[in-house]
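Computed from the coordinates by the stated procedures, all read-outs in this text should not be read as laboratory data. Since the structure is predicted, the reported quantities are computational estimates derived from the model, not experimental observations. Positions of Cβ are generated from backbone atoms using ideal geometry, with glycine treated the same way; all protein chains shown enter the neighbour counts.
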Amino acid sequence: MRGRFITFEGIDGAGKSTHLDWFGEQLKSRSIPVVCTREPGGSDLAEQVRELLLHRPMSLETELLLVFAARRDHLERTIRPALVRGQWVLCDRFTDSTYAYQGGGRGAPTEQIATLESWVHPGLKPDRTYLFHVDPAIAAARRTQARAADRFESEDDAFFGRVAAGYARRVAADPDRFVVIDGTMSVVAIRELLEKDLASYC
Ligand code: ADP
Ligand code: TYD
């Protein structure tokens, strides 16, 4: 039996990473074998591509192709082997991020992204996606406190507003897969919500 594929999404600073690690611990405490990974990245080659994506100037077309090139390697080397072994894969971002950032944020045509998606990972989509929603201004304030900005995090609130709208279109197209979480709730309240949802399918 194949393991489950669970993704965490949201604009930068929404709180994904904070909750992904905790979610992984919850699975381990239930004796579920788990692999925590991230995009862009998650394999040696894809981590190198991540450095380019986060720090080097490039056109939208190059950005989109690099995102999917990194994803293909990540899938071949990390995600698919883990799922085949029966492990659960928790992934910090996946293709919904491409629709939201390159599509919503930067204006890449949805059909172009869909074509690359069907080429790079036909038939694979997350079983569950937790989408953390916070206002762009709140996310920006959290980021300023937490770390130095990369090429995406340096974008303004209007960009992140378009990214959020891109996510909203993804939810509307596939509502059963998504759980939308108000990322301004306390960490404890979010954990309770995640635990309850996990219990509904585990
Ligand atoms: P992301 O992975 O979505 O970019 P992080 O998990 O790195 O976000 O969180 C960004 C910052 O916000 C961190 O400093 C983190 O401690 C803080 N944070 C995360 N969740 C919450 C929350 N529910 N309430 C307040 N601060 C939070
Ligand atoms: P992330 O690791 O979430 O950054 P951080 O931990 O600093 O929040 O993601 C790195 C950046 O990559 C993020 O700003 C969004 C961007 N990204 C895309 O633009 N498209 C994609 O398909 C993916 C997976 C990420």
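Here are a few things to note about the model shown:
- Distant-in-sequence amide H partners of Ile181 (H built 1.01 Å from N, under 5 Å): Leu131, Phe132, His133
- Cα centroid separation, region 19-36 to region 154-185: 24 Å.
- Label-reachable residues, region 20-48, where backbone N falls under 17 Å from a point 7 Å from Lys196's Cα toward its Cβ: none
- Mean projected area in nm² (Cα convex hull; one quarter of hull surface) for region 52-156: 7.6 nm²
- Region 111-202: relative contact order as a whole-number percent, Cα under 8 Å and 6+ apart: 43 percent
- Scaled against the 2.2 N^0.38 Å expected of a compact globular protein of N residues, the Cα radius of gyration of region 139-193 reads 1.36.
- Residues of region 94-137 with amide N under 17 Å of the 7 Å Cα→Cβ point at Arg72: 95, 112-124
- Relative intensity, log₁₀ I(q)/I(0), of the chain from a Debye sum that treats every alpha carbon as a point, q = 0.09, 0.11, 0.13, 0.17 Å⁻¹: -0.32, -0.48, -0.69, -1.25
- Separation of alpha-carbon centers, region 49-66 and region 70-112, rounded to whole Å: 15 Å
- For region 59-98, the alpha carbon convex hull comes to 58 Å³ per residue, rounded to a whole number.
- 5 angstrom amide H check on Val34, placed H, neighbours 5+ away: Trp88
- Computed from the Cβ-Cβ distance with R0 of 41 Å, the FRET efficiency linking Asp156 to Asp44 stands at 0.80.
- Its relative contact order, with pairs defined as Cα atoms under 8 Å and 6+ residues apart, puts the chain at 32 percent.
- Counted by Cβ distance under 12 Å from Gly161, the other residues give a net charge of -3, where Lys and Arg count +1 and Asp and Glu count -1.
- Residue-wise HN-Hα coupling along region 87-100, computed from phi with Karplus coefficients 6.51, -1.76, 1.60 (Hz; x: Gly, Pro): 7, 8, 10, 9, 10, 7, 6, 8, 5, 4, 4, 5, 4, 6
- Mean residue ellipticity (222 nm) of the chain, computed from DSSP H runs ≥ 4 via -39,500 (n - 2.57), nearest 500: -16000 deg cm²/dmol
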